[in-house]
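Below is one structure, written out as structure tokens; comments come after it.
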Amino acid sequence: MTILEKVKSFCHHEGLLKEGQTVIVACSGGPDSMTLLHILGALKKSYNLQLIVAYVHHGLRAAAAAELKFVEAAAVKQNAVFCSTYADVKALAEAEGLSVEAAGREVRYAFFADLAGKYGSSAVAVGHHADDQVETVLLHLIRGGGTGGATGMQSKNGHIIRPLLCLTRQEILSYIEENHLSCCFDESNASREYLRNRIRLDVVPLLRSYNPGIAAAFGRFAEIAGSEDDCLTVQTERLFKELVCLDDVYRLAVAKAARLHKALQRRLVRRICAAVKGNDKDLTFDFTEKVLALMRKQSGRQVHMKEITVYRSGAYLCFTGPGGRDEPVGTALPGDVGVTGTGTYELNGWKLTVQKVLTDGYTLSANEFFLAADPAEKPLTFRYRRGGEIINIGGAYHKTLKKYLIEKKIPAERRGHIPLLCDGDTVLWLCGCSADITRPLALKKGPLVCTVSGGDDHA
């Protein structure tokens, strides 16, 4: 099988090319991209392709101007449309706080996306090959990432296609020699200033001395990791739908999450964080582990990163934006009254009396309720609403206090004046509505009975 046949078979197997398709070809003039352009030119008739050759001048190298002309001539030879753009990548990197490599990548892919929209293209072809895959996986492993990065580059990722991912660097050089292709050589590829270059120049040759088929080995590893990552992603999405509820914050039931495998716990935390901030960028392993540690801690604990606050509230982990809470969750704030055992507690004219049930068959009055947990062992708070509270309805079903009050048609101006008895941010009782709350308050009996009196504003 020739190299051209190998690429054609790979494109067919991976579904990379379609009949009558317009393809944006990313071309720098180097060996990889010139091979890509030549092969797509050879396949153009078979698929009835229209090729749009795209060149990006990064403003970093004096030779780029000549390379632009070289690529333009190659595009004309293939009867392709030529498009180019200029960007001061160094200035962009400084302004955005990015590496030069990252800034250059952003510029390139933004340009390709613009061209795809302009020409109605559903595919942008880039020249990554099997040896690039080795470098990508090694980079990820060196940085200590998870299995998502270990999957390496995919043959198709959205509108990006990689027809040469089945070829090694040596096969590309052989193709260039066989077809007498001219190429430009970027001297920066030989610089050890960049980590990827050091991996290419130093690490990969060493690994190849142990295993000459290192590219194929890493390709298999990436394929296996990709399949397993896809499987875990599907499971994570199912768990996200089943275990996470959204009201004013994202809430994850601790008891259910704690039963999951650690791998799924980590993925679920990352999925929720991504939902909060819009992406999973910059979510570190250490932050994820700190979030998981909250499952083993009491209410009131919280962890932060730049765009996310996660806190433990009763039976839930709550995920919200960077503002988080001004005060520790589950502790008494100014104006709150701590309930620490039997006795009488006052809140702005309201009185909460907690006493032991001394007789069987105690009949509750309208302003009374049983309390299962002894506040002497687990302190509670007698307070007003401050936002983020939840209540349990009908056994295991829960909703936010905000939603509950709206459903009860309690006017907004009155909601902040209804006294609550809370365990952290879990409402155990609220004045005038306790009959609807059935866990833990739907008790036919209990060790303690609470009586509420006074106040001037009943729900």
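The values are calculated or read from the model by the stated rules, or taken from the named source; none is laboratory data. Please read all numbers here as calculations on a predicted model, not as lab measurements. We place every Cβ from the backbone using ideal geometry, glycine too, and count neighbours over all the protein chains shown.
Do we have ILE161 as among the β-branched types (Val, Ile, Thr) and in contact with a Pro (Cβ under 9 Å, 6 or more places away or on another chain) here? Criteria not met by ILE161. Determine whether ILE176 is touching an Asp or Glu at 6+ places or on another chain (Cβ under 7 Å), at pLDDT 90 or above and outside any loop (DSSP other than H, G, I, E, B). It is false that ILE176 is touching an Asp or Glu at 6+ places or on another chain (Cβ under 7 Å), at pLDDT 90 or above and outside any loop (DSSP other than H, G, I, E, B).
The residue that is modelled with the highest pLDDT, counting only those in segment 274-304 that are in contact with a helix residue (DSSP H, G or I) (Cβ under 7 Å, 6 or more places away or on another chain) and assigned to a loop (DSSP other than H, G, I, E, B), is LEU283. Of all residues in segment 95-105, those satisfying the criterion of being without any contact (Cβ under 8 Å) to a residue 24 or more places away in the chain and surrounded by fewer than 17 Cβ atoms within 10 Å (Cβ to Cβ) are ALA95, GLU96, GLY97, LEU98, SER99, ALA102, ARG105. The residue list GLY120, GLY146, GLY152 contains one member that is surrounded by fewer than 19 Cβ atoms within 10 Å (Cβ to Cβ), at pLDDT below 90 and assigned by TED's automatic domain parsing to the domain that holds LEU36, which is GLY146.
Do we have ARG238 as part of a helix (DSSP H, G or I), under 21 Å from LEU165 (Cα atoms) and of a type in the set (Lys, Arg) here? Against the criterion (part of a helix (DSSP H, G or I), under 21 Å from LEU165 (Cα atoms) and of a type in the set (Lys, Arg)), ARG238 does not qualify. One residue stands out in segment 305-325 among those that are among the charged types (D, E, K, R) and under 15 Å from the mean Cα position of the chain (by Cα): the one that is modelled with the lowest pLDDT, namely LYS306. Scan segment 52-105 residue by residue and report those that are under 11 Å from CYS27 (Cβ atoms) and of a type outside the set (A, V, I, L, M). Answer for segment 52-105, where residues must be under 11 Å from CYS27 (Cβ atoms) and of a type outside the set (A, V, I, L, M): TYR55, GLU67, PHE70, GLU72, GLN78, PHE82, CYS83, SER84. Of the strands (runs of 3 or more DSSP E) that lie entirely inside segment 1-94, those containing 3 or more residues that are buried (at least 16 other Cβ atoms within 10 Å of the Cβ) and within 33 Å of the chain's Cα centre (by Cα) span 22-26, 50-57. Condition check for ASP114 on (1) assigned to a loop (DSSP other than H, G, I, E, B); (2) under 20 Å from ILE160 (Cβ atoms): one failure, at (1).
The residues listed here are HIS140, HIS129; of these, the one that is out of contact with any strand residue (DSSP E or B) (no Cβ under 9 Å at 6 or more places or on another chain) and buried (at least 20 other Cβ atoms within 10 Å of the Cβ) is HIS129. Scanning segment 165-197 for residues that are of a type in the set (A, V, I, L, M, F, W, C) and within 16 Å of ALA74 (Cα to Cα) returns ILE176, LEU181, CYS183, CYS184, PHE185.
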